[in-house]
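What follows is a set of notes on a single structure, which appears directly below.
Every number here is computed from the coordinates shown, using simple stated rules; none is lab data. Small disclaimer: the values here were computed from a predicted structure and weren't measured. In this analysis, Cβ positions are derived from the backbone assuming ideal geometry, glycine residues included, and neighbour counts consider all displayed protein chains.
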Amino acid sequence: MKDIQKRILDETEKLITSLDFTRMSVLAIISSISVLIVFKWIDYPVTWQFAILVLIFAYLYALIRDVIIVRKTKKTLKIYYDFSFSKRSNIQLFIPIFSKSNQVYTLKRASLFIADDTLYLEAYKRSSLRSKLDNSVVARYNKDFFIDKYSVNKSGKYIEFETRILYKKYYFSMINDEELLEIIQKYKEN
């Protein structure tokens, strides 16, 4: 299980923390155009040098913003992993989950884990001002937590899940790994 654990963490981190330079460029261009329109609207003389300077600053802002988000996501993933293992010594496999909206992957405030041959979903409670987790709520599969359906995304990079937690729909994704999918399938069939 150690091999699959390392692979899942590495692949998840790689997927959700990758920098998207196309998105950064689009954000920089849109921001630059917006700033230039505002400056033109207030009758500020807009030269091509000024426009290039605004574009450079907008791109730097987008780059720095994404780098900060990547660092925070990596730190949060480690916090979730450490917290789950500190509460339970019998965890066999920790599975981080995330969501994707538009082109952005976001780590969920929850994860799956397997302990004592049972699948669980753990939701983390964290105050926004502290980096440490306060507490968590655990839902056991086939008791409080059910997988209704899942499918591999078109890109093949991740698996999308539709689940129920206490009869409320909950959507998430996890990395597409054949061995991991077999493990999840085993629990879904039981």
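Nearest 0.05, what FRET efficiency do Arg23 and Asp117 give at R0 = 41 Å with Cβ-Cβ as r?
FRET efficiency, Arg23 to Asp117: 0.50.
Kirkwood hydrodynamic radius for the chain: how many Å is it when counted over pairs of different Cα atoms?
Taking every pair of different Cα atoms in the chain, averaging 1/r and inverting gives 18.8 Å.
State whether the range 64-146 is rounded, prolate or oblate according to the following rule on the C-alpha gyration tensor (a ≥ b ≥ c being the square roots of its eigenvalues): a/c under 1.5 gives rounded; otherwise a/b larger than b/c gives prolate, and the remaining case gives oblate.
In terms of gyration-tensor shape, prolate.
Taking the range 18-89, how much of its Cα-Cα pair set, in percent, is spaced more than 13 angstrom apart?
Result for the distance tail: 71 percent.
If each residue of separation counts as 0.36 nm, what is the full-extension length gain between Arg140 and Ile52 once their alpha-carbon separation is subtracted?
Answer, rounded to one decimal: 26.2 nm.
For each pair in Lys154/Lys188; Lys6/Lys132; Lys2/Lys157; Lys6/Lys100; Lys14/Lys143; Lys132/Lys188, compute the distance between the two Cα atoms and list the pairs where it is over 29 Å.
Distance filter (> 29 Å) returns Lys14/Lys143; Lys132/Lys188.
For a quick check: sort Met24, Met174 by the number of other beta carbons within 10 angstrom, fewest at the front.
Met24, Met174
Give the percent of DSSP beta bridges with both residues in the chain that are antiparallel, rounded to the nearest 5.
Restricted to the chain, the bridges split so that about 95 percent are antiparallel.
Tell me the net charge near Arg109. Cut-off is 9 Å between Cβ atoms, Arg109 excluded, with +1 for each Lys or Arg and -1 for each Asp or Glu.
In short, +3.
Could you calculate, for the range 1-49, the ratio of the Cα radius of gyration to the Kirkwood radius, expressed as Rg to Rh?
Reported Rg/Rh, Kirkwood definition of Rh: 1.45.
Give me the number: length gained by fully extending Phe39 to Glu182, i.e. 0.36 nm times residue separation minus the C-alpha to C-alpha distance, one decimal in nm.
Length gained between Phe39 and Glu182: 45.8 nm.
Report, in whole Å, the centroid distance computed from the Cα atoms of the range 121-190 and the range 47-72.
With the range 121-190 and the range 47-72 each reduced to a Cα centre, they are spaced 35 Å.
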